[in-house]
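Novice: I have a structure here, written as structure tokens, and I will follow up with some questions on it.
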Amino acid sequence: MGFFTGRATLARYRVDGPAPKIFTEEHLDKLSHHAAGKSRILASDGVEFGWTAGDHILDVRFELAKNIINDYLFFGFRIDTVKLPSDLLRAYYAIDLAALCANNPSGFPSNKQKREAKESARDRLEHEAKDGRYTKRKVIECAWDLRSNEFLFGTTSVTQWDRLSTHFKNTFGYNLIPITAGSQAYSFAELHNRTRNVEEASYVPFGPGVPAGGDIAWAL
């Protein structure tokens, strides 16, 4: 997994619920129940997603020794996208259209025949896609830190975050709240009773002749 093999770009989230005392088989069972290819979670854009166990892109065997290390729960989030090849779709369309209009006296296809050829070509591709030949699979690494109750997600993509947050809520029953620089600063200030300092903080200019404080258009 990416967290074990070097640097990783990631986003941090706070789990909006009580931190578990320890990670157990119960957590692994929930991951397995919502694993990729099993739960068949289908987004409105036709993308399927689910959890993986980390050994490889098709691994859905969640185990204590593999997925729970010290105070961390490691696993993956797999996104399956079906992309029908446009060049093959055009080829099937041309073949089906030629067969449909072969006996036309004019030698040209009618609008109805064009629609039928388009539908049959797409139906043929979608039937072929059922065996996974046109499916693109991608796994994003995840880690749940028990001590801080933070969730680390190996990408900053907003699109993938939307899918992750939905699936995490369905699996564990908790929302994920993004940890931003502002929220982190406020959390640190709360620990030392200095929240007023954060609320009254102002911008510091880095160039000469720029007044301190005030409103800045891009920060509104």
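The values are calculated or read from the model by the stated rules, or taken from the named source; none is laboratory data. Not measured: the values here are computed from a predicted model. Note that we place each Cβ from the backbone using ideal geometry, even for glycine, and neighbour counts take in every protein chain shown. Ligands, DNA and RNA are stripped out before the accessible areas are found, and what is left, the full protein with its side chains, is counted by its heavy atoms. Shrake-Rupley method; radii C 1.70, N 1.55, O 1.52, S 1.80 Å.
Novice: Given (1) open to solvent by 20 Å² or more (accessible area, probe 1.4 Å); (2) at pLDDT 95 or above; (3) part of a helix (DSSP H, G or I); (4) not acidic (D, E), identify the lone condition not met by K66.
Specialist: Unmet for K66, out of (1) open to solvent by 20 Å² or more (accessible area, probe 1.4 Å); (2) at pLDDT 95 or above; (3) part of a helix (DSSP H, G or I); (4) not acidic (D, E): (2).
Novice: Can you name the residue in the stretch 68-127 that is of a type in the set (A, V, I, L, M, F, W, C) and in contact with a Lys or Arg (Cβ under 7 Å, 6 or more places away or on another chain) and, of all such residues, is farthest from H167 (Cα to Cα)?
Specialist: L97
Novice: Pick from S187, S106: which is over 30 Å from V15 (Cβ atoms) and without any contact (Cβ under 8 Å) to a residue 60 or more places away in the chain?
Specialist: S106
Novice: In the stretch 115-149, what residues are of a type outside the set (V, I, T), in contact (Cβ under 8 Å) with a residue 24 or more places away in the chain, open to solvent by less than 30 Å² (accessible area, probe 1.4 Å) and not in a helix (DSSP H, G or I)?
Specialist: Within the stretch 115-149, C142, A143, W144, D145, L146, N149 qualify.
Novice: I've got another one for you. Only one of N175, N193, N111 is exposed (fewer than 12 other Cβ atoms within 10 Å of the Cβ) and at pLDDT 90 or above. Can you tell me which?
Specialist: After applying the criteria, what remains is N111.
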